[in-house]
Amino acid sequence: MGYKTVIGLEIHAELSTETKMFCSCTNAFGGEANTHCCPVCMGLPGALPVLNKKAVEYAIKAGIAFNTKINTKTRMDRKNYFYADLVKGYQISQDTIPLCGEGYTEIEIEEGTKRVNLQRIHIEEDTGKLTHTMDGDTLIDYNRAGVPLIEIVTKPDMNTPEEARLFLEKLRATLKYIEVSDVKMEEGSLRCDVNINVVDTETGLKTNITEIKNLNSFRGAVKAMEYEEKRHIDTLKQGQNTLKETRRWDEVKGETISMREKGDTADYRFAADGDLAAIEIPEEWVNEIRNSMPELPHHKKERFVKEYALSEYDAGVLTASKALAMFFEDTVKLLDDPKLVSNWVMGDVLRRLKDDDVEIEDTKLSPKDLSQLIALVKSEKINNNTGKKVLKEIFDTGKDPETIVKEKGLIQISDESQVREIVEKVLEDNKQSIEDYKSGKDRALGFLVGQVMKISRGKANPQLANKMILDIIKEKY
Amino acid sequence: MDITKLTAIETKEIIKKRELSVKELIGSYLDKIDSVDKEINAFITLNREEALKNAEKLDKKIKNGQSLGALGGLPIGIKDNIVTKDLKTTCGSKMLENFIPPYDGKVVEKIKKEDGIILGKLNLDEFAMGSSTETSYFGETKNPINMEMVPGGSSGGSAAAVKAGEVLLSLGTDTGGSTRQPAAFCDVVGIKPSYGLVSRYGIVSLANTLDTVGVLGKDVEDAAFFLSTLTGFDPLDSTSSESAKGETIRESIVNKNDINTIKGMKVGLPKEFFQTEIDKGISREVNKAIKILESLGAEIEEISMPYLEYSLAVYHVIVAAEISSNLARFDGIRYGHRSEDYNTLDELYINSRTEALGEEVKRRIMFGTYYLSKSNANSHYERALKIRRLIKEDFDRAFGKYDILLSPTSPILPFKFGEKMTNPLSMYKADLFTVPVNLGGLCAMSIPCGYENGLPVGLQIIGDRFKEANIIKAGLALEGGLKNGI
Amino acid sequence: MVTKEQIQQIASLCKLKYTEGEIDEFAKNFSQVLGYMEKLKEVDADNVEPLYFISDHVQRFREDVVGESLQREDVVKNTTEEQFGYFKILRIVE
Ligand SMILES: [Mg+2]
Ligand SMILES: [Zn+2]
């Protein structure tokens, strides 16, 4: 018995333009309620929309990044429905001719590279925000109404929640790379709806598609998909089918909850918006945008492999975030040892970023700091372990490595007579270990080196100590 | 002398020569309104204090030797579906009974900039849906020519106010004839400019691919001059045209006394128009007018435009569809009437809208919702848009050959109140000749051309897009011809 | 012929309400007008491109430059219920 999960995603990303989609109100996040509003974004009688050029440009950028066809002749349509967060009784969106048509992107799964196809990317306006008070009243803030969005719709090409997660990661990284969206889920600038169902591969029976709405974190999205995947399979196992419905993810309960059944009744009465003239995108403009595109993650990855002789894996990790890739390259510019820099970044630097859940640009560590630090280790002024301690100190205080080393007296002791003095004392005090070593227990050597490091408070050059211990044992014992 | 009998151009001269202060002028008009508007009911809102204050300001300007703008001191009325900052804008509906816009429409801004004085907001069919000004929540407007008759609509208040001497110039709107038909019914001149010549920013949308602002005045020169102060590309209206310029209009007025301006002008008479059922008196007067133009040197020919007969049906579908979407914003949440009786969001919508929108408005919203719904959009809405193209192409062909086209403005004379309210189809037919002009985005003028039983008859002069100069030239010639008894 | 149910369904889409009594009358009127619209089917328009826009120019985009917004008091001044600068709807049960 086998089951195949089928997942399609619909992602709304707010574009990081200066102004809203159809008016010159600021597109800044937050602000006091209803202070980023004008006749246009409030849908006041008589007001008319005028399309923001930057929003179109950003959507085209996204289209290019996801290899879509750009429809140079298109238009805006009205999607008619009523809701309290919608000011005009319709959303200005795109129906039959999206600005960006079919496209694709690739994700790296265990079995190799997988292509996820996109149905479309279209532009539309965001809605206001409702807050429900303790008294049960509803308060409405329209600051977000009219903020430009792109809606990205995939084909149902993902077969596990993990694949969906990889796609979402890829999408987020890409939108961030090309600088068209802040992609901050917690601020609502990236929102994701999931369509999921399951097929019994033997009988060919399929469950009805469930739509999961209002997912506000990737983790939540994955958990919701895992939950639904199981629910659909269980339903099939019981010889039943799921309802065609919309559900939401309840983070606290760890389950999805039915919101409404999805009849065939949704009738948005799409029609061209006559307030906005026909849209024609000059071919030259698309080319201009294409030429001004920043290097995309997968191109950067290929370049890193070639230029810096990194492994596919390392290059992949380093280019997953634009900031991290830039940090790496800037560090290499100051210290021409890509492999070594990569080791440091992939190791202690990334670990720290993960622990603190921050991006590299939000930390106190600069490429200059890291290059200095690596130089200190490379020149054996400090040893590797001390280097790690210094790195932590930079993250915590922002001081530069030289200063830290100086202030804490961490310079490595490489002076032979100084090290010899310590080694002799250690051997004197640990005769048993010498015997052990001689009788073939290699571990004893490690212990002795450790003692030397302990007495020197970590400053002794470990290689030197190692060599000297062997020399002296040979000489004296 | 009754100052309110003068034209706008004449009044401008008097102000310029300082024979009268702006305050005295505005005072006379306010007096006129006080004496006649109780009966006519052209005004929904009177802007008395503001108007007097602005008049004083202009007088001060004159005193200081500054020159006034093009509309310097002229008393102007504005149809109440054009938004005015801090001045109530109701659209003739209970829905917007207390709505005070926080901004000015573009045309209002222009009038203010050119020193026009806004006397108030004029009555209309609710949300401009109608041809008789009977559906206004604020009562019907009477026709100054005959108080038993409707003034036409939807800009009935705008036409009546000009005819009654309550304002010198007025703004209407024209979606299917709403400026021209009341102009014809009230014996004044009304111009519907080409779609895109005047910004729609601040015009409360009825059907946004058909709506234009309209101007009304006592004669062709007044109306044309007024129009020339309102044109121009507006960055806030993406449908306004960059070729929208007032110069050609002003130039066409300059030559107003040259009787030869229409010599050789090619005039088409769409035979489909003249073959329909037209009031006999209207036919007679319109034919006389055509003869006058011919005698002034115009070359008249009959033409055929096969798709014209579908205009009303096409218009009905498109207007209803656009209305249903445009009026969805009136949901009682951000402005407008909110029902006190609701427990759910849906009830808030339904009760607010049902309580505050009139019968005709609701009917058209219903039709439009039907036409746009999934199962009907192809057979109705899309089909209507296709035939709209065919009608437009009919016009394109006609204007390849002719400078202007002529028809009666309306097939029927002003009618009695209540006469056509029961049958919506018969009411729609009042717009038979005006509707195609909006479908084609063209310009047209209604100009008085005679009387039948004491009721006025209007001639419609249609011009190609942005060829306002042609209809103005023809209008001036006809006016001159009628005056001189040609 | 349009049924009463269809009328109810359209009304619910556009958030209007007709009483039972009104609906009969309305359905009749509706059918009458739709009958008139049948006229459109006479035209062979299958290969005609629908005319979505009457302006024959294409859109001129707006530059992405911040302008003035309204004062908040002007944004909320026409609403029935307002609180802390928010629009307010009272106790709706969803
Ligand atoms: Mg969407
Ligand atoms: Zn705005």
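Quick note: the coordinates plus some simple rules give every number you see, no bench work behind them. Worth saying up front: this structure is predicted, and the values here are computed from it rather than measured. Here Cβ is always computed from backbone atoms with ideal geometry, including for glycine, and neighbour counts include all displayed protein chains.
Output the relative contact order of region A:416-476, whole-number percent, from Cα pairs under 8 angstrom with separation of 6+ residues. RCO, region A:416-476: 39 percent.
The Cα center of region A:417-477 and the Cα center of region B:346-416 differ in position by 98 Å.
Compactness of the protein assembly as shown is given as radius of gyration and Dmax, 37.7, 140 Å, from Cα positions. Measuring against 23 Å, Cα to Cα, the residue pairs B:K256/B:K467; A:K176/A:K354; B:K112/B:K142 contain B:K112/B:K142 as the ones spanning a longer distance. Within the straight-line cut-off of under 13 Å between alpha carbons, the aspartates and glutamates reachable from C:K77 are B:D86, sequence neighbours fewer than 8 places apart in one chain being disregarded. Extending 7 Å from Cα along the Cβ direction at A:N208 and again at A:E106 yields two label points whose distance is 3.9 nm.
Here the sum of -39500 (n - 2.57) over DSSP H runs of 4 or more residues, divided by the residues of chain A, equals -12000 deg cm²/dmol at 222 nm, to the nearest 500. Among the lysines of region A:416-476, pairs that are 8 or more positions apart or on different chains and have alpha carbons within less than 22 Å of each other number 22. With only the Cα atoms considered, region A:297-408 has a convex hull volume of 89 Å³ per residue.
Can you list which of the trypsin sites (Lys or Arg not before Pro) found in region B:337-422 are DSSP loop residues with at most 14 other C-beta atoms within 10 Å? Present the calculation step by step, with values, prior to reporting the outcome.
Details: sites: B:R338, B:R353, B:K362, B:R363, B:R364, B:K374, B:R383, B:K386, B:R388, B:R389, B:K392, B:R397, B:K401, B:K416, B:K420; in loops: B:R338, B:K374, B:K420.
In loop regions of region B:337-422 (DSSP not H, G, I, E or B), the sparsely surrounded trypsin sites (Lys or Arg not before Pro) are B:K374.
A crude spin-label estimate for the pair A:K438 and A:K378, with each label 7 Å from Cα along the Cβ direction, gives 4.3 nm.
Dividing the mean sequence gap of close Cα pairs (under 8 Å, 6+ apart) by how many residues chain A holds gives a relative contact order of 13 percent.
Working out 0.36 nm times the residue gap between B:K291 and B:E419, then minus their Cα-Cα distance, what length gain in nm do you get to one decimal? Before the final figure, lay out the partial values.
Details: separation 128, 0.36 × 128 = 46.08 nm, distance 3.31 nm.
Taking 0.36 nm per residue and subtracting the Cα distance, the gain is 42.8 nm.
Close amide H partners of A:T5, meaning residues 5 or more places away or on another chain with modelled amide H under 5 Å apart, are A:V199. Taking other C-beta atoms within 10 Å as the exposure proxy, B:L372, C:L90 rank C:L90, B:L372 from fewest upward.
Out of region B:36-93, which trypsin sites (Lys or Arg not before Pro) are coil in DSSP terms and have no more than 16 other C-beta atoms within 10 Å? Don't skip to the answer; put the middle values down first.
Working: sites: B:K38, B:R48, B:K53, B:K57, B:K60, B:K61, B:K63, B:K79, B:K85, B:K88; in loops: B:K85, B:K88.
Answer by residue number: B:K85.
Calculated FRET efficiency, B:Q66 and A:I257, Cβ-Cβ r, R0 60 Å, to nearest 0.05? List each step's numbers first, then the result.
Values: r = 70 Å, r/R0 = 1.17.
The pair B:Q66/A:I257 has a calculated efficiency of 0.30.
Ordering A:S16, B:S178, B:S35, B:S311 by the number of other Cβ atoms within 10 Å of each residue's own Cβ, fewest first, gives B:S35, A:S16, B:S311, B:S178.
Could you please tell me the mean projected area of the C-alpha convex hull for region A:3-285, averaged over all directions and given in square nanometres to one decimal? Don't skip to the answer; put the middle values down first.
Details: hull surface 65.9 nm².
About 16.5 nm², averaged over all directions.
Were the residues from B:D396 through B:D34 laid out at 0.36 nm apart, the gain over their Cα-Cα distance would be 125.6 nm. For region B:234-291, the list of GluC sites (Glu not before Pro) that fall in a loop by DSSP and count at most 13 other C-beta atoms within 10 angstrom reads B:E242, B:E277. Counting, for every residue in A:133-140, the Cβ atoms of other protein chains within 10 Å of its Cβ and taking the mean gives 6. Ordered from longest to shortest, the equivalent ellipsoid semi-axes for chain C are 39, 31, 10 Å, each the square root of 5 times a Cα gyration tensor eigenvalue.
Computed over every Cα-Cα pair of chain A and binned at 10 Å starting from 0, the pair-distance distribution P(r) comes out as 4, 15, 21, 20, 15, 10, 8, 5, 2, 0 percent. Normalising the average separation of contacting C-alpha pairs (under 8 angstrom, six or more residues apart) by the number of residues puts the relative contact order of region A:191-280 at 25 percent. Label sites at B:E301 and A:E424, each approximated as a point 7 angstrom past Cα along Cα to Cβ, lie 12.4 nm apart.
Taking only Cα atoms, what is the 0 to 90° angle, nearest 10, from helix C:20-37's long axis to the longest principal axis of chain C? Taking the Cα atoms of chain C, the angle to C:20-37 is about 70 degrees.
Taking a straight Cα-Cα cut-off under 18 Å and skipping sequence neighbours fewer than 8 places away in the same chain, the aspartates and glutamates within cross-link reach of B:K60 are B:E13, B:E19, B:E24, B:E49, B:E50, B:E114, B:D115.
Among the aspartates and glutamates, select those whose C-alpha is under 15 Å from the C-alpha of A:K399, and discard any that sit fewer than 8 residues away in the same chain. Partners found: A:D369, A:E407.
For chain B, what ratio Rg/Rh do Cα atoms give with a Kirkwood hydrodynamic radius? Don't skip to the answer; put the middle values down first.
Details: Rg = 21.3 Å, Rh = 22.3 Å.
The Rg/Rh ratio comes out at 0.96.
Using DSSP H assignments, which helices in chain A have an axial alpha-carbon span of 15 Å or above and a mean Kyte-Doolittle hydropathy of 0.0 or higher? Result, helices passing both filters: A:53-65, A:322-334, A:367-378, A:443-455.
Give the order of A:D442, B:D115 when sorted by the count of other beta carbons within 10 angstrom, beginning with the fewest.
On the way: A:D442 8, B:D115 20.
Placing the least packed residue first, the sequence is A:D442, B:D115.
Legend: distances between Cα atoms for A:K88/B:K94; A:K54/A:K244; A:K155/B:K374; B:K245/B:K280; A:K79/B:K392; A:K322/A:K389; pairs beyond 29 Å are A:K54/A:K244; B:K245/B:K280. Given a Förster radius of 25 Å and the C-beta distance between A:L350 and A:E226 as r, what FRET efficiency does 1/(1 + (r/R0)^6) yield to the nearest 0.05? It comes to 0.45.
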